[in-house]
Structures are given as C-alpha cells and as structure tokens.
Amino acid sequence: MASWIFSTLNDVFQALKGANTTIITDQDVPGDDLTGKWIIITGSNNGVGFEAAKSFASWGANIIFACREPPTWELHPTAAVDECRELAAICGHASTIEWWQIDMSDLRSVDAFCQRWLKCDRALDILCNNAGIAEPTQQTRVTQDGFQMVHQVNFLSHVLLTLRLLPSLARSAEPRVICTTSCFHHIGLFDIDHVNGEPGSKGNDYRNNKLYFQMWVAEMQSRLLRHPEYLHITINGVHPGFVASGIWDGLENAGKAPSGLNLLLRYVAITSQQGALAITHAATSLELGPDPRKQGVGAENGRGGGKYINRIWEGPMKSYCNDQEARSRLWIKLDEELGLQEKGLLDVLGL
C-alpha cells in the first residue's frame, strides 16, 4: 500500500512539473540551418505547431503543413502557409512551403497523405507528430473508423503516419521524429483492454492516450535500433508545457475554452511560441540527436531517442514506458486496431 501511495504521489509530482513556466530564450534554443531539409508537421496551422513551423521557415526548411480543413475559429492553413513563406523570404530562403490536407480522424486520409508524399521520392528529415485535440466536455465522439476521437487523432493516426513514412525517413542522414506527448502521461492509466474508451474503461481518454503515445515512443526507438535500415532514426516524446493554445477551444466546440479554464490560461499558461520551443529544440538540438555509439551517426554528445522531454529538459517517464511487457502488449494491440500485419507494415519494415 505504501509503495502504491508513493508511486501515485510521484506521478502527480512529475505531472505538475509540466506546468513549469520558465522563460526559454534564443540562447537555450538557437536553432539550426535547415536549408534543404524537409519537414512534415501535423496540426501546424494553429498553436505550438504553427509557431514551430514559423521557426523552421526562418531557418530555411521546406515544410509540409499536414492539416485538416479547420473549424472557423482556427487560422486557415493557407494563411499559415502564406505567413511562413513570407517569413522564409525575409530571412533569405527560397523554401517550398505547402499545405497538404490530412484528416487524422480518417485513416484513409492518413494513407492517402502518405502515398502522396512517398510518390515525391524525397527523403524526410523531420516528422513532427503534433496534431491533437483535448478531451471534449459534452460527449464522446467516434470516428468513421470506429475509434474514440481522442484515441485516433492523438495517437493511432500518428502511429500509422510514422510507420508509413519510415522508408522516407530512412533516406535522411539523421532523421528525427518528434511526438507531442504530455506531462499528463504520468497520470494516465494503462488499461489495455479498453484503449478505445469502451464502457468500463478507467481514467481519462486524453491522459491515457498520452501515456500510450509515450510508451510507443520508447518501444518504437527500441525496435528501430534493432533494424539496420532504421537504427539511425531518432524518436522522442515532448511536452510543450501548459500552453494557452487553440487546443482548448474545441472542448465545447464553441471556439473558446470554458470560462474556468480561461482564468488558468490567462494567468498560468505559457504562450504558444514558448511551447513550440519543445518541438524545435527536439528537432535541432545535438544532445537530442542520435547517439553515435548506438546509431552510427550524430554528434559526440547525442543521447539518442526513446525519451520524454519536458519542454527542453529531459525528464523521467512513467514506469509503464520502461516496462517491456507492457510496451509489447501495446504494440500487439496497435497491430489489432490498425491491421498493421495486413497492411504489410510490420513484415516489410522488419519491426
């Protein structure tokens, strides 16, 4: 009983550390020359994704905005693309910056996006799995694929996207995958029998799926390291912080956050620009790059992937993320839900 209490208190403490409001400066995240690099960012027309895209544009990257047709209260992807193109030009770059439509609540849309990218025959340098929605306050929504909306948008579709794009990532010299997880993964519950939020499920779907996402990050890196073709790929999970971004506006489908939450967003939360530094730091920091001893590429101080980054500081993961048996059970469940074997993804990729 005492050990359970201690573990629970530690999880709560680690989750609360995600509310760190320390101001991060350009000296902390100086960026990098990304000229000629190709980056895909899901959910990049709004919030931390958009702010990260602006930084990448100013550093010379070619960017694909992977976004749905948004609700009226969000910036439209065409406007976001125009702003980034202008920013790139001001900084002296002739970057390719485009919006490619993708709906993370529709697996067919994810597949179509991947096929479009693979037909371009380009190496993908950085994949930012950033799109996400908050837990709705009114009712549970189900996608046309039969999954709970939070489960599919925040987790399942990014798993499929990453696996589909692995051959393209493998062609890059030092590819990185950055997954927007959350400090909330520490208070998520591992309920493998109810991952889709079925009746009888424990806990909160948002927190649980952030836990599954961070567990998958750790398992994915472990599997990549066992595959000669993919061992140079680095994948990490990042928590942007408690950010006053548009993700909260969808809680009640009203274009604004609930009134009580608004007070916290106004006085406690950090800006989207500060939150985006978690993504840009994970994408460019040498320390968060490949470990040359294990991956054969990277700077001497590269620490490799499979980690949880609280804003720009590496932090501990919830115990399930280090539990090989739990991670394997999650991998098997993903195969069942997404039909990975049927799609040929596990056999072809050797994972």
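The values are calculated or read from the model by the stated rules, or taken from the named source; none is laboratory data. If you're wondering where the values come from, they're calculated on a predicted model, not measured in any experiment. Reconstructed Cβ throughout: ideal geometry from the backbone, glycine too, with neighbour counts over all protein chains shown. Keep in mind that these areas ignore ligands, DNA and RNA; they rest on the heavy atoms of the full protein, side chains included. Shrake-Rupley method; radii C 1.70, N 1.55, O 1.52, S 1.80 Å.
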Excluding ligands, DNA and RNA, the carbon-plus-sulfur percentage of the accessible area of the chain with a 1.4 Å probe reads 51
What residues qualify as long-range amide H neighbours of R311, i.e. H under 5 Å apart, gap of 5 or more or another chain, H built at 1.01 Å from N? H239, G241
Past 30 Å, Cα to Cα: identify those pairs from K37/K333; K210/K294; K119/K202; K37/K294; K119/K318, in the order given. K37/K333; K119/K202; K119/K318
For L286, project a label point 7 Å along Cα to C-beta. Then give me every residue of region 298-329 with its amide nitrogen under 16 Å of that point. 298-304
Please work out how much length the chain gains when fully extended from F13 to H194, using 0.36 nm per residue of separation minus the C-alpha to C-alpha distance, in nm with one decimal. 62.6 nm
Reported to the nearest 10 Å², R68 has, with a 1.4 Å probe, an accessible area equal to 90
Sort K37, K307, K119 by accessible area with a 1.4 Å probe, largest first. K119, K37, K307
Given the whole protein assembly as supplied and a 1.4 Å probe, what does the accessible area of R329 come to in Å², nearest 10? 100
Taking only the Cα positions of region 271-351, the convex hull volume per residue in Å³ is 150
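As a check on your grasp of the helix formula, calculate [θ] at 222 nm for the chain: sum -39500 (n - 2.57) over DSSP H runs of n ≥ 4, divide by the residue count, round to the nearest 500.
Theoretical 222 nm ellipticity from helices: -12000 deg cm²/dmol.
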Whole-Hz Karplus ³J(HN,Hα) for region 150-155, in order, using 6.51 cos²θ - 1.76 cosθ + 1.60 and θ = phi - 60°, x for Gly and Pro? 4, 4, 7, 5, 7, 9
FRET efficiency for Q115 and E229, Cβ-Cβ distance as r, R0 = 30 Å, nearest 0.05? 0.90
Once phi for every residue in region 303-320 is put through the Karplus expression 6.51 cos²θ - 1.76 cosθ + 1.60 (θ = phi - 60°), the whole-Hz ³J(HN,Hα) values, with Gly and Pro written as x, are 9, x, x, x, 10, 10, 10, 8, 6, 10, 10, 5, x, x, 9, 4, 3, 4
How much FRET efficiency would the formula 1/(1 + (r/R0)^6) give for D145 and S201, where r is the Cβ-Cβ distance and R0 is 25 Å, rounded to 0.05? 0.90
What accessible area per residue, rounded to a whole number of Å², is obtained for the chain using a probe radius of 1.4 Å? 43
Could you check which residue among L118, L224, L161 shows the biggest mean-square fluctuation in a GNM of the chain with a 10 Å Cα cutoff? L118
Taking only the alpha-carbon atoms of the chain, what semi-axes of the equivalent ellipsoid follow from 5 times the gyration tensor eigenvalues under a square root, in whole Å, largest first? 27, 24, 22
In terms of solvent-accessible area of protein heavy atoms at a 1.4 angstrom probe, what is the ranking of S44, S328, highest value first? S328, S44
Of all stretches in the chain that avoid GluC sites (Glu not before Pro) placed in a DSSP loop and having at most 16 other Cβ atoms within 10 Å, the longest is 1-228
Give me the percent relative contact order of the chain, please, defined on Cα pairs under 8 angstrom at least 6 residues apart. 18
Give me the mean projected area, in nm² to one decimal, of the convex hull enclosing the Cα positions of region 1-155. 12.9
Using Cα-Cα distances under 8 Å and only pairs 6 or more residues apart, what relative contact order does region 1-109 have, in percent? 23
What distance in nm separates the simple spin-label points at K343 and A94, each placed 7 Å from Cα in the Cβ direction? 3.7
Projecting the Cα atoms of W73, Q101, G36 onto the charge dipole of the chain, where Lys and Arg contribute +1 and Asp and Glu -1 at Cβ, the residue farthest towards the positive end is G36
Need one number: % antiparallel among DSSP beta bridges in the chain, to the nearest 5. 15
Most mobile of G146, G47, G188 in a GNM of the chain (Cα contacts under 10 Å): G146
When the chain is treated as a Gaussian network with springs between alpha carbons less than 10 Å apart, the largest mean-square fluctuation among Q27, Q324, Q341 is found at Q27
With +1 at each Lys and Arg Cβ and -1 at each Asp and Glu Cβ, the charge dipole magnitude of the chain around its Cα centre, to the nearest 20 debye, comes out at 360
